[in-house]
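Shown next, in structure tokens, is the structure this report addresses.
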Amino acid sequence: MAQSRTRATVVPDLGKPLKRAFFGRSVHEVAPDLIGATLLVNGVGGLIVEVEAYHHTDPAAHSFRGPTPRNMVMFGPPGFAYVYRSYGIHWCVNFVSEEEGSASAVLIRALQPTHGIAAMRRRRGLQDERPLCSGPGKLTEALGITDKHDGLALDAAPIALYARIGKVEVTTGLRIGITKAVELPWRYGLKGSKFLSKPF
């Protein structure tokens with residue numbers, strides 16, 4: 001009998017739900033603490049394996065020059081999604097952090113698919129799991145995230161976040177695809193993950 005070419009994906013148990021209060025801390029504490037957490041949108045998603053921190057004092061942050069109609073959610077309370085169009089091509093999702101008015105956020109760069117993989121494959125037109133969510137635009141397409149999710153709470157449907165289970169080894173490095181503050185090591189990732197957008 002021929003062996004099946006498809007391999008069952010192990011779906012890890014979900015951890016404790018993360019509430020908005022989780023995000024009311026320094027963006028540099030929130031970002032590494034998100035590595036290994038699970039992000040689901042309408043039940044589709046996976047483990048967060050790569051993020052980038054953006055502080056309001058950072059010239060690479062969208063909030064650096066002050067509020068605009070596009071970035072207004074960043075200036076609101078923590079624990080909400082900030083979704084923007086990148087290069088007019090794809091959506092990117094960020095988690096607003098720190099106290100209201102700080103305008104700091106964490107960009108979600110890559111996931112390890114664990115839930116709703118069939119839906120991700122259909123949306124991305126791919127079978128291989130590794131590249132399904134290996135970049136900020138790829139993961140939003142895979143999870144069906146658009147500007148309709150901008151300003152939504154991170155602890156209420158259709159978004160669900162769960163704390164990581166157990167210890168993980170977090171590595172740091174330089175952020176990707178920016179031209180300002182390029183020397184800041186504010187990219188965080190799950191060490192050894194094959195689902196990263198780019199190796200550290």
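Each reported figure results from applying straightforward, stated rules to the coordinates on display, with no laboratory input. The structure presented is a predicted model; accordingly, all values stated were derived computationally and were not measured. Cβ sites come from the backbone with ideal geometry, for glycine too, and all protein chains shown count toward neighbours.
Taking the charge dipole of the chain about its Cα centre, with +1 at Lys and Arg Cβ atoms and -1 at Asp and Glu Cβ atoms, the residue from ILE108, PHE22, HIS55 reaching farthest to the positive side is ILE108. For segment 20-190, the Kirkwood estimate of hydrodynamic radius, built from reciprocal distances between every pair of different alpha carbons, is 15.8 Å. Across ILE108, ILE165, ILE178, mean-square fluctuation computed from a Gaussian network of the chain (C-alpha pairs under 10 Å connected) peaks at ILE178.
On full extension, the segment bounded by PHE64 and SER86 gains 6.2 nm, given 0.36 nm per residue less the C-alpha separation.
Could you tell me the relative contact order of the chain? Use alpha-carbon pairs under 8 Å, at least six residues apart, and round to a whole percent.
Answer for the chain is 29 percent.
Per residue of the chain, what 222 nm ellipticity follows from adding -39500 (n - 2.57) for every DSSP H run with n ≥ 4, rounded to the nearest 500?
Estimated from H runs of four or more residues: -3000 deg cm²/dmol.
Taking other residues whose beta carbon is less than 12 angstrom from the beta carbon of THR172, and scoring Lys, Arg as +1 and Asp, Glu as -1, yields 0. Taken about its Cα centre, the chain carries a charge dipole of roughly 700 debye when the Cβ of each Lys and Arg holds +1 and the Cβ of each Asp and Glu holds -1.
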